[in-house]
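Inspection log for the structure reproduced underneath, given as structure tokens.
The values are calculated or read from the model by the stated rules, or taken from the named source; none is laboratory data. Not measured: the values here are computed from a predicted model. Counting neighbours? That spans all protein chains shown, and the Cβs are built from the backbone with ideal geometry, glycine included.
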């Protein structure tokens, strides 16, 4: 990401602030005003990409020339922007943490122009990745103990999105991904079958299966739904027998039709042939609701490939996030516009036992007893602090928070999110500023 | 984009085909099986990015080493993949064209392994960009003649997505974008106001407005909803009078509250002060349905900033597209699986007068009289053919097709898409292949 990944109004107002020496420290808070429909929680995600963006933040020379022409900036503005780096502090809910409405996912404290300029990119990154991580976490909850594989790459919103999706899926417990680039970049497990076009090019299912089992004996997953699924399963069994594949040495996948019925019939065919360990993988338009239906029906499915609806969070593609100024030059700032209320000041979230509400407090309040803070400092003076950014750590954090999450907030439909109680000092400060409004 | 922007199953099946010399020409067709809900058409988009991807297609050495380890490939597979370039042909509905279900957006003819490997990236690019272009076109239809500005960058699915969104919005008639990178890359008009944080940092609306009008006199758009919108409008009027701004020398923007009522009251305040040419810009959670409501109510709004719901196509984020093998080694291939039917052979779409159905035909059928072909060849032997790829050409194409589109297909709710009639030769071929199934 580069510094031009911003909105022009941020550039112009930053230039305006630079002209006027309005460069005192500003704190912006990035949070969800509301959880998306049917969501009982959000999974924090996107932080690692945000930190990389902030560390590399700068305008290139050509970009600034362009901005002078298109953005109505003076040469002095261009000179001032050219020297700009991000040297602020960041506190955040580390990736994998669960958060709720009004709780900051991330807070930036930096000279006002810097903090304004980075807002668009931070909002974009955190909103997108948290939205999809949350969708993926719901799939995880719905799938019982079955294996989940990210199949989203063909329909995410661009290919960078596909890479981010593969990573956040791994964060919430997916076993792997089909996407080659993400496998290589994040060390994820590659999980793969064959294409319909492979089967079709052979013109004969058994010929295609024999060739594949010969060429890739380490992971044989026959795609059986090119024509008739159960006929495809029988073909797979015949090939496995003819080739002497061991039980457990292959599996079958299908993506169309009545998935529950087909899985039951497939299991029967495989078991009757003595392949009781042959795995059944299912894909095709799955989401958490369909996974829950199949899980409840005890469908004999070992692995799910989840794609289209996951990768765009189809039922709730945006999350209503905000990046709001909450303090400038030591002056706390609140917003009281209906529907866009913003609580003032840098914050901390305190988490207690499962079932207790979270406490949303001012960052400098004394920590209440028996609580753990959710936000921690992740960047100081423009440099990320060590640790806490590895994918396996995010995964552990998600598992811990998922155990803590009350059942009522885990529900896929009509969940009750964990309540967020505003601390007395924060409430008093907000009311005091509201009274002056 | 790089060659690793693919699914592992495509790599493995391509490697398998290479081992077996299955490198005859294959034709794949990329089309929507169904239009998304409430859509009466799709706007073709993404083609230019696809052609760039195909021209640059190759595996880098490090990527292939990784694939050998993670993908279960032999060294001979790696060697074969290393030499692979895309040298096929592409036919497509040029960007800006309207297309309907079952009509190809793009068709690739190339040696089978190449055509398999590029499928994931082509599907991703075309599906995403056509989905958002269609959403933006619906906003265009809904807005009457009002100006539209892309404000989506803060909530698209990643920042590459934001850049693509800005471009497809321009394709369907948006006046500009707020996103700096897209302004520079595509020469779009930058349209911008100021941030809430700018107003808040001043602590006083009038002070902020005075400073902004002084610093950026060429495009003064006061953000009036930081506290109370109508009070903000009065503050803007006072500042404009105090500074002696000419009528038409400024505008106001707001994003919260009852937009219709506020627009009416704002217009009244501006007119009473003699600023009858001061522009009113509105944003905040807009989509085509809200735009249609405001247009129908004759809201006095000059310009709309459309963001969150546009950038992710919130009510229909994915389009159900497919990339299917329709011919291999001269043998036409059909698929008759319920819900996944695929018609065989390379195709052409013929368009007639407004109100007539399109004709979906085999590419080598003689062209019917009085029709124009929708698909044209855009790449030959891996090199894009000149022309037809400029943004202004796509814009002209969209305007032409929008005029052609019947009112019943333009409707925002319950539209009737243009019917697609299958030609006799195509129907006969499909039935003949089906009978053999």
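Condition first: touching a strand residue (DSSP E or B) at 6+ places or on another chain (Cβ under 9 Å) and outside any helix (DSSP H, G or I). Now tell me which residues in segment B:153-190 satisfy that. B:155, B:172, B:173, B:174, B:175, B:176, B:177, B:178, B:179, B:188, B:189, B:190, listed by residue number. Screening segment A:353-426 for strands (runs of 3 or more DSSP E) wholly inside it with 3 or more residues that are in contact with a strand residue (DSSP E or B) (Cβ under 8 Å, 6 or more places away or on another chain) and over 25 Å from residue A:48 (Cβ atoms) returns the ranges A:358-362, A:420-422. Screening segment B:183-198 for residues that are in contact (Cβ under 8 Å) with a residue 12 or more places away in the chain and closer than 16 Å to residue A:114 by Cα and picking the one that is surrounded by the most Cβ atoms within 10 Å (Cβ to Cβ) gives B:198. Out of contact with any strand residue (DSSP E or B) (no Cβ under 9 Å at 6 or more places or on another chain) and closer than 23 Å to residue B:119 by Cα: does that describe residue A:150? Judged against the criteria, residue A:150 is not a match.
Working only within segment B:347-356, note down all residues that are more than 18 Å from residue B:106 (Cα to Cα) and surrounded by 14 or more Cβ atoms within 10 Å (Cβ to Cβ). Once the filter is applied, which keeps residues that are more than 18 Å from residue B:106 (Cα to Cα) and surrounded by 14 or more Cβ atoms within 10 Å (Cβ to Cβ), segment B:347-356 yields B:352, B:356. Among residues of segment B:223-276 being without any contact (Cβ under 8 Å) to a residue 24 or more places away in the chain and in a loop (DSSP other than H, G, I, E, B), the one that is farthest from the chain's Cα centre (by Cα) is B:244.
Sort out which residues of segment A:1-60 are touching a strand residue (DSSP E or B) at 6+ places or on another chain (Cβ under 7 Å) and within 9 Å of chain B (Cβ to nearest Cβ), and write them in order of number. A:7, A:8, A:24, A:26, A:28, listed by residue number. The set of residues in segment A:304-320 being farther than 20 Å from residue A:38 by Cα and either without any contact (Cβ under 8 Å) to a residue 60 or more places away in the chain or within 14 Å of chain B (Cβ to nearest Cβ) (or both) consists of A:305 alone.
For segment A:321-346, a residue qualifies if it is modelled with pLDDT under 95 and facing chain B (nearest Cβ under 8 Å), and the qualifying residues are A:335, A:336, A:337, A:338, A:339, A:340.
Residue-level analysis places residue B:156 outside the set of residues that are crowded, with 24+ Cβ neighbours inside 10 Å and within 11 Å of the chain's Cα centre (by Cα).
Kindly check whether there is at least one residue in segment B:177-191 that is under 22 Å from residue A:153 (Cα atoms) and more than 9 Å from every other protein chain (Cβ to nearest Cβ).
Checked segment B:177-191: no residue is under 22 Å from residue A:153 (Cα atoms) and more than 9 Å from every other protein chain (Cβ to nearest Cβ).
Of A:24, A:55, A:69, all but one fail to be surrounded by fewer than 19 Cβ atoms within 10 Å (Cβ to Cβ), more than 30 Å from residue A:288 (Cα to Cα) and at pLDDT below 95; the exception is A:69.
Rundown of residues vs (1) buried (at least 17 other Cβ atoms within 10 Å of the Cβ); (2) under 25 Å from the mean Cα position of the chain (by Cα); (3) on the phi < 0 side of the Ramachandran plot, yes/no style:
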| position | (1), (2), (3) |
| --- | --- |
| A:286 | yes, yes, yes |
| A:308 | yes, yes, yes |
| A:316 | yes, yes, yes |
| A:322 | yes, yes, yes |
| A:345 | yes, no, no |
| A:371 | yes, no, yes |
| A:380 | no, yes, yes |
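Would you check if residue B:148 is more than 11 Å from every other protein chain (Cβ to nearest Cβ) and assigned to a strand (DSSP E or B)?
So residue B:148 passes the test.
If you filter segment A:267-284 down to residues that are surrounded by 20 or more Cβ atoms within 10 Å (Cβ to Cβ) and touching a helix residue (DSSP H, G or I) at 6+ places or on another chain (Cβ under 6 Å), you find that the one that is farthest from residue A:301 (Cα to Cα) is A:278.
If you scan segment B:330-343, which residues turn out to be in a loop (DSSP other than H, G, I, E, B), crowded, with 17+ Cβ neighbours inside 10 Å and in contact (Cβ under 8 Å) with a residue 12 or more places away in the chain?
Matches in segment B:330-343: B:333, B:334, B:340, B:343.
Screening residue A:370 on (1) in contact with a helix residue (DSSP H, G or I) (Cβ under 8 Å, 6 or more places away or on another chain); (2) modelled with pLDDT under 95 shows it passes everything except condition (1). When B:286, B:294, B:262 are checked against the criterion of being at pLDDT 95 or above and more than 30 Å from residue B:394 (Cβ to Cβ), a single residue qualifies: B:262. For residue A:4, the stated conditions hold: it is more than 27 Å from residue A:97 (Cα to Cα) and assigned to a loop (DSSP other than H, G, I, E, B).
So, in segment B:192-209, exactly how many residues are at the interface with chain A (Cβ under 7 Å from one of its Cβ atoms) and not in a helix (DSSP H, G or I)? The number of residues fulfilling the criteria is 4. Filtering segment A:288-299 to residues that are closer than 25 Å to residue A:195 by Cβ and surrounded by fewer than 20 Cβ atoms within 10 Å (Cβ to Cβ) leaves only A:290. Taking the conditions (1) modelled with pLDDT of 95 or more; (2) within 17 Å of residue B:223 (Cβ to Cβ) in turn, residue B:241 satisfies each one other than (2). Against the numbered list (1) outside the structural domain of residue B:227 (by TED's automatic domain parsing); (2) crowded, with 24+ Cβ neighbours inside 10 Å; (3) out of contact with any helix residue (DSSP H, G or I) (no Cβ under 7 Å at 6 or more places or on another chain), residue B:151 comes up short only at (1).
Every test in (1) in contact (Cβ under 8 Å) with a residue 40 or more places away in the chain; (2) over 30 Å from residue A:386 (Cβ atoms); (3) touching a helix residue (DSSP H, G or I) at 6+ places or on another chain (Cβ under 9 Å) is passed by residue A:37 save one, and that test is (3).
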